[in-house]
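Trainee: First, the structure itself, so that you have it in front of you.
The values are calculated or read from the model by the stated rules, or taken from the named source; none is laboratory data. These figures come from a predicted structure and were not determined experimentally. Cβ sites come from the backbone with ideal geometry, for glycine too, and all protein chains shown count toward neighbours. We work out accessible area using only protein heavy atoms, side chains counted, and drop any ligands, DNA or RNA first. Shrake-Rupley method; radii C 1.70, N 1.55, O 1.52, S 1.80 Å.
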Amino acid sequence: MIAIYPGSFDPVTFGHLDVIERGCRMFDHVIVAVAQNPGKSPLFTAHKRVSQIQNATHHLANVEVDSFDGLTVTYARMRKAGVLLRGLRAVSDFEMELQMAHTNKTLSDDIETVFLATSTDYSYLSSSVVKEIAKFGGPVDHLVPQPVALDIRRCYAKTPTH
Ligand code: ADP
């Protein structure tokens with residue numbers, strides 16, 4: 001079974017990587033699909049986000065990283081995936097995730113959404129939290145892979161916060 005793990009990954013965190021590793025144990029092939037989301041004005045380009053994830057998943061044999069735009073279910077059908085993988089951190093994620101899963105089900109009845117509960121270690125962790133800390137010069141090395149931490153520092157060194 002092929003699973004797609006779609007998201008913004010702006011940037012990828014240890015929380016995402018935990019979902020990817022566990023997904024790789026459950027499915028034959030996991031495609032991490034970076035949503036290009038031009039509307040969200042991301043910190044990193046889709047190309048950069050793909051290479052950050054590729055770097056962090058070299059040790060996994062059955063993972064592939066790609067980017068896509070348009071509907072997730074259209075991309076999933078094109079890649080012959082039967083599952084959309086998503087992570088759930090807290091009740092606050094639940095409503096939005098459930099709405100999205102139901103919507104996707106109406107668009108493509110043969111694609112199932114599977115939720116993985118976050119590891120307790122990462123239940124507070126999101127890409128926005130990482131960016132918020134980095135913006136004010138705080139350490140993020142315990143939240144994201146080392147090369148990503150460097151990329152973020154470089155980014156904010158160029159962007160004055162006031
Ligand atoms: P999106 O913009 O689509 O929500 P994200 O990159 O923020 O993209 O998240 C992608 C998926 O990973 C979502 O299902 C999100 O709930 C999940 N996720 C994000 N952070 C964590 C975490 N710390 N633990 C588990 N799942 C997470």
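Trainee: Take residues that are of a type outside the set (K, R), near the ligand (Cβ under 10 Å from one of its atoms) and surrounded by fewer than 16 Cβ atoms within 10 Å (Cβ to Cβ) and tell me which of the helices (runs of 4 or more DSSP H) falling wholly in the range 1-110 contain 3 or more.
Mentor: Once the helices (runs of 4 or more DSSP H) in the range 1-110 are filtered for at least 3 residues that are of a type outside the set (K, R), near the ligand (Cβ under 10 Å from one of its atoms) and surrounded by fewer than 16 Cβ atoms within 10 Å (Cβ to Cβ), what remains is 91-107.
Trainee: Would you point out the residue of the range 120-136, among those that are within 7 Å of the ligand (Cβ to nearest atom) and among the polar types (S, T, N, Q), that is surrounded by the most Cβ atoms within 10 Å (Cβ to Cβ)?
Mentor: Result: S127.
Trainee: Are there any pairs, at least 6 apart or on different chains, whose C-beta atoms fall under 9 Å, with the first in the range 26-54 and over 19 Å from R153 (Cβ atoms) and the second among the hydrophobic types (A, V, I, L, M, F, W, C) and open to solvent by 80 Å² or more (accessible area, probe 1.4 Å), and if so, which?
Mentor: Partner pairs satisfying both residue conditions: M26/M1; F27/M1; D28/M1; H29/M1.
Trainee: Of everything in the range 56-90, what is in contact (Cβ under 8 Å) with a residue 60 or more places away in the chain and closer than 13 Å to A3 by Cβ? Give them in sequence order.
Mentor: T72, Y75, A76, R79, K80, A81, G82, V83, L84, L85, R86, G87
Trainee: Considering each residue of the range 13-41, count those that are within 13 Å of the chain's Cα centre (by Cα) and of a type outside the set (V, I, T), and give that number.
Mentor: Total satisfying the criteria: 11.
Trainee: In contact with a helix residue (DSSP H, G or I) (Cβ under 7 Å, 6 or more places away or on another chain), in contact (Cβ under 8 Å) with a residue 12 or more places away in the chain and crowded, with 16+ Cβ neighbours inside 10 Å, is that true of V144?
Mentor: yes
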